[in-house]
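Single-structure report; data block below.
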Amino acid sequence: MFFQITKAATPLTGCRRQLILRSLSSSTNNIQIEVDNKTGFATVSMNRPPVNLLNLELINSLTRSMKEMEQNKSRGIILTSTSNSVFSGGLDIKELYRPDVQRLREFWTAFQDMWLAWYGSAVPTAALINGHSPAGGCVLATCCEYRVMLPKFTIGLNEAKFGLVPPPVVRISFKNVLPLRIAELALCQGKLFTSNDALNIGLIDELAKTKEEGYEKCVKFLQTFRKVDPVARSLTKQQFRGKDLDDLRKGKQKDLNDFVEHVTQDDIQMRLGLYLEQLHNRKKK
Ligand SMILES: CC/C=C\C/C=C\CCCC/C=C/C(=O)SCCNC(=O)CCNC(=O)[C@H](O)C(C)(C)COP(=O)(O)OP(=O)(O)OC[C@H]1O[C@@H](n2cnc3c(N)ncnc32)[C@H](O)[C@@H]1OP(=O)(O)O
């Protein structure tokens with residue numbers, strides 16, 4: 001993939017000059033990448049209005065972005081969104097409802113690859129959670145090494161509430177962040193935590209009042225690795241996450257088959273249909 005590079009001031013950091021890298025190969029422009037001149041850190045912003053739902057194209061763009069930043073020897077990545085109220089609304093349920101099975105398989109394979117790329121990234125990562133972050137949004141945030149969240153939003157894995165069983169790839173990064181008992185209870189309850197509660201249980205690391213403050217906190221975290229050898233850092237991270245990554249790599253085909261079998265069941269399709277309807281009608285009441 002090719003990038004067009006231009007210099008511009010960014011709304012994220014006021015007048016600080018940044019390199020704006022815009023993906024040219026993506027016709028949808030669903031990701032924006034900015035590289036800070038001073039720190040060398042890249043900000044990856046999901047940009048799929050209105051609520052950054054993870055469809056096949058956005059998932060593929062997230063994976064490609066990570067691979068390219070690794071190739072470019074990026075020194076750190078901040079994942080956020082261009083929205084004012086949503087980090088990511090999670091999986092686009094339209095991908096799961098009455099699916100074309102071939103596309104459903106492609107979709108879940110892409111999600112597995114995105115998880116492998118972000119959870120296993122060689123580059124240090126921080127999530128700037130500038131809005132709601134349910135389900136797939138929470139998976140992305142927990143793939144990162146550090147989380148800074150703005151107040152009065154929600155984050156968590158709510159799949160159980162609408163009848164989905166969270167597969168391993170969804171559970172693992174959540175379990176990596178939280179004590180096992182809290183993770184188990186939260187998953188069984190399909191619980192979404194407020195920003196404050198998320199801080200109290202350790203699902204996020206810091207709160208920030210504004211996106212700018214959150215950005216500075218993410219930068220501060222990434223700078224903690226400034227004096228650490230990048231290869232040693234990356235291999236140490238792999239020692240912690242390597243087994244999880246290997247388990248998915250080895251079990252990819254089974255995980256895919258389980259996912260497709262689960263999602264295409266009549267009962268699950270009915271629940272997904274009802275949930276979509278509920279989301280659509282939410283504001284009419
Ligand atoms: C053995 C086991 C094997 C396999 C298991 C199978 C499956 C596992 C699944 C994998 C795990 C991941 C799951 C997910 O991510 S599912 C998605 C979960 N997400 C949610 O529940 C969030 C729902 N959305 C919201 O709560 C709100 O939309 C949100 C994000 C807080 C934003 O609110 P707001 O800004 O007010 O925006 P709207 O609600 O008006 O939404 C705008 C627009 O988008 C539609 N929409 C919202 N979310 C979704 C979604 N997830 N999928 C599809 N569509 C969605 C909403 O209806 C609006 O559209 P409209 O046309 O009505 O205007």
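The values are calculated or read from the model by the stated rules, or taken from the named source; none is laboratory data. Just so you know, these numbers come straight off a predicted model, no measurement behind them. Every residue, glycine as well, gets a Cβ built from its backbone with ideal geometry; the counts of neighbours run over all protein chains shown. Side chains included, ligands, DNA and RNA excluded: accessible areas come from the protein's heavy atoms. Shrake-Rupley method; radii C 1.70, N 1.55, O 1.52, S 1.80 Å.
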Exercise for the section: For segment 64-76, indicate whether the set of residues that are within 11 Å of the ligand (Cβ to nearest atom), aliphatic (A, V, I, L, M) and modelled with pLDDT of 95 or more is non-empty. Expected result: no
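Which members of segment 234-254 meet the condition of being among the hydroxyl-bearing types (Ser, Thr, Tyr) and touching a residue at least 60 places away in the same chain (Cβ under 8 Å)?
Answer for segment 234-254, where residues must be among the hydroxyl-bearing types (Ser, Thr, Tyr) and touching a residue at least 60 places away in the same chain (Cβ under 8 Å): just 234.
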Exercise for the section: Please work out if residue 276 is open to solvent by less than 60 Å² (accessible area, probe 1.4 Å), touching a Lys or Arg at 6+ places or on another chain (Cβ under 8 Å) and within 8 Å of the ligand (Cβ to nearest atom). Expected result: yes
Practice task
For residues that are charged (D, E, K, R) and touching a residue at least 40 places away in the same chain (Cβ under 8 Å), scanning just segment 50-72, find the one that is most open to solvent (accessible area, probe 1.4 Å).
Solution key: 67
Exercise for the section: Considering only segment 43-61, state which residues are within 14 Å of the ligand (Cβ to nearest atom), under 12 Å from the mean Cα position of the chain (by Cα) and outside any loop (DSSP other than H, G, I, E, B). Expected result: 46, 54, 58, 59
Problem - Candidate set: segment 98-146, residues that are of a type in the set (Ser, Thr, Tyr) and more than 15 Å from the ligand (Cβ to nearest atom); chosen: the one most open to solvent (accessible area, probe 1.4 Å) - result: 146
Handout entry: Failed criterion for residue 284 (all others in (1) more than 16 Å from the ligand (Cβ to nearest atom); (2) open to solvent by 60 Å² or more (accessible area, probe 1.4 Å) hold)
Key = (1)
Exercise for the section: Determine whether residue 158 is within 17 Å of the chain's Cα centre (by Cα), at pLDDT 95 or above and more than 10 Å from the ligand (Cβ to nearest atom). Expected result: no
Exercise for the section: Go through (1) more than 16 Å from the ligand (Cβ to nearest atom); (2) open to solvent by 70 Å² or more (accessible area, probe 1.4 Å) and name the single condition residue 236 misses. Expected result: (2)
Exercise for the section: Show the residue pairs that are 6+ apart or on different chains and have beta-carbon atoms under 6 Å apart, the first residue being within segment 255-268 and of a type outside the set (A, V, I, L, M, F, W, C), the second being part of a helix (DSSP H, G or I) and at pLDDT 95 or above. Expected result: none
Fill in the blank from the handout: Across (1) under 30 Å from residue 35 (Cβ atoms); (2) touching an Asp or Glu at 6+ places or on another chain (Cβ under 8 Å); (3) within 12 Å of the ligand (Cβ to nearest atom); (4) among the β-branched types (Val, Ile, Thr), residue 165 clears everything bar (1)
Practice task
Go through the residues of segment 176-183 one by one and say whether even a single one is within 16 Å of the ligand (Cβ to nearest atom), more than 17 Å from residue 79 (Cα to Cα), surrounded by fewer than 23 Cβ atoms within 10 Å (Cβ to Cβ) and among the charged types (D, E, K, R).
Solution key: no
